[in-house]
Amino acid sequence: MKLATFQNHQGETRIGMVINDRIADLTAAFEKYLVEERGVLPERAIEAANIRMPTSMLALIQREYEGQADLKDVGAYLSNVVKGDGAIYAPNGAKITYALHEVRLLKPFQPRRCFNIGVNYPAFVKIMGVIPPEENKTCMFMVTPESTIGPEDIIQWPQSAEEVCTELELGVIFGRTGKRISQADALDYVFGYTIVNDVTGIDIIMKGMGTGREGLPGAYYITRAKTFDTFQPMGPFIVLKDEIPDPQNVAGELRINGEPRIRGNTKDMRCSVRRLIEYLSEDITFYAGDLLSSGGMGTEEFEPHGFVKSGDTIEAELEKIGVLRNYVV
């Protein structure tokens, strides 16, 4: 199942399920499902739908097991009733189905917290000469949730940076709260996956590193360089975990003005998604709605960083998820 947050004709923010080239309003669809499949009275179905299938993706994710069960039910219902290009309406008259080109896709959800992984592909070591963490361990930094933006949004060029680069990453969305999670159970805590474009004011980081200044001072510069407004685009869709049963086999490409700059596959991660969850959750509780960005892809041929300038168009693509397009201004 592929999900999105969108703005409808009335300017309302809704959550939807993508079916071919159409998107179905999940709250309105759940109302129709309750009436037609569960025999709920129309006036009660509206209230129940807004509680059980809220118009906020984060609120739905935070319902954990119950929300995922309701999502599965309404998804199966929609798969049977959405046929062709015809519009479908809820009992209260609200429109359920739209063509994708009729709506504006927004950021798929507002993350509760953002955990970003560094140096998780061998390309960082081979091409950039970075010393990686110990085997089966990783480095992690936080990005403010307010830095996230959605598809077709503008990445604002910062006043305090002269060089800006971008990275292509698989975003992992937590659907359950947990701590000290084993690798065997790790994917049980995943709600789904999205694309993350990790943008950096790279020269700011470099200013904080050098002879006699490695380590702690540089770490402070990383926080500043990574948390500028608009520096974490994400989306355009969330693909539920059952659509990507193996997160270690997802190919990706990032293009700048149509030219491929980054290519990679999640199979090359130093620490797999399962291991990242296990390692980080040893002493950090993860909550439903947290976002874990699993590190910048890269190969020996395509380094993990794509440098951009004002006026550039960035297209970050991961198979099975889609294309995240943003503009540098």
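The values are calculated or read from the model by the stated rules, or taken from the named source; none is laboratory data. Keep in mind the model is a prediction, meaning the values are calculated, not measured. Cβ placement follows ideal geometry from the backbone for every residue including glycine, while neighbour counts extend to all protein chains displayed. What goes into the accessible areas is simple: the full protein's heavy atoms, side chains included, and nothing from ligands, DNA or RNA. Shrake-Rupley method; radii C 1.70, N 1.55, O 1.52, S 1.80 Å.
Observations on the structure shown:
- Shape of the range 201-329, Cα gyration tensor, a/c cut at 1.5: oblate
- Cα-based shape type of the range 57-111, given that a ≥ b ≥ c are square roots of the gyration tensor eigenvalues and the cut on a/c is 1.5: oblate
- Computed from backbone phi with θ = phi - 60° and the Karplus coefficients 6.51, -1.76 and 1.60, the 3J(HN,Hα) list for the range 30-46 is 5, 4, 5, 4, 5, 6, 7, 9, 10, x, 7, 5, x, 5, 7, 5, 4 Hz; x is used for glycine and proline.
- The relative contact order of the chain, computed from alpha carbon pairs under 8 Å that lie at least 6 residues apart in sequence, is 22 percent.
- Residues of the range 275-312 with amide N under 13 Å of a point placed 7 Å along Cα→Cβ from Glu259: 306-309, 312
- Once both labels are positioned 7 Å from their Cα atoms along Cα-to-Cβ, the gap between Glu36 and Ala184 label points is 4.3 nm.
- Annotation: per residue accessible area for the chain equals 44 Å², rounded to a whole number [probe 1.4 Å, protein chains only].
- Accessible-area order (highest first, 1.4 angstrom probe) of the listed residues His101, His9: His101, His9
- DSSP-loop GluC sites (Glu not before Pro) across the range 60-138, with at most 10 other Cβ within 10 angstrom: Glu134, Glu135
- Built amide H within the under 5 Å cut-off of Ile155, gap 5+: Tyr327, Val328, Val329
- Heavy-atom surface analysis with a 1.4 Å probe gives the chain a carbon and sulfur content of 49 percent of its accessible area.
- With a Cα cut-off of under 20 Å and a minimum spacing of 8 residues unless on different chains, the lysine pairs in the range 29-125 number 5.
- Close amide H pairs (under 5 Å, H built 1.01 Å from N) link Arg261 with Leu254, Arg255, Ile256, residues at least 5 positions away or on another chain.
- In this simple spin-label approximation, Glu163 and Gln10 carry label points 7 Å from Cα along the Cα→Cβ vector, and these lie 5.1 nm apart.
- Spatially, the range 41-85 and the range 260-312 are offset by 31 Å when compared through their Cα centroids.
- Prolate is the label for the range 1-134, because a/c, from the alpha-carbon gyration tensor with a ≥ b ≥ c as root eigenvalues, is 1.5 or above and a/b exceeds b/c.
- Here the label points at Lys95 and Glu282, each 7 Å from Cα along the C-beta direction, are separated by 5.3 nm in the simple model.
- Tally of Lys pairs whose C-alpha atoms are under 27 Å apart, taken over the range 138-282, 8 or more apart or cross-chain: 6
- Among Cys139, Cys165, the sequence by solvent-accessible area, most first, with a 1.4 Å probe is Cys139, Cys165.
- Its Cα centre serving as origin, the chain has a Cβ charge dipole (Lys and Arg +1, Asp and Glu -1) of approximately 360 debye.
- Peptides 259-269, 109-119, ordered by how many other C-beta atoms sit within 10 Å of their residues on average, highest first, read 109-119, 259-269.
- Selection from Leu280, Gly311, Val323, by position along the positive dipole direction of the range 276-329 (Cβ): Gly311
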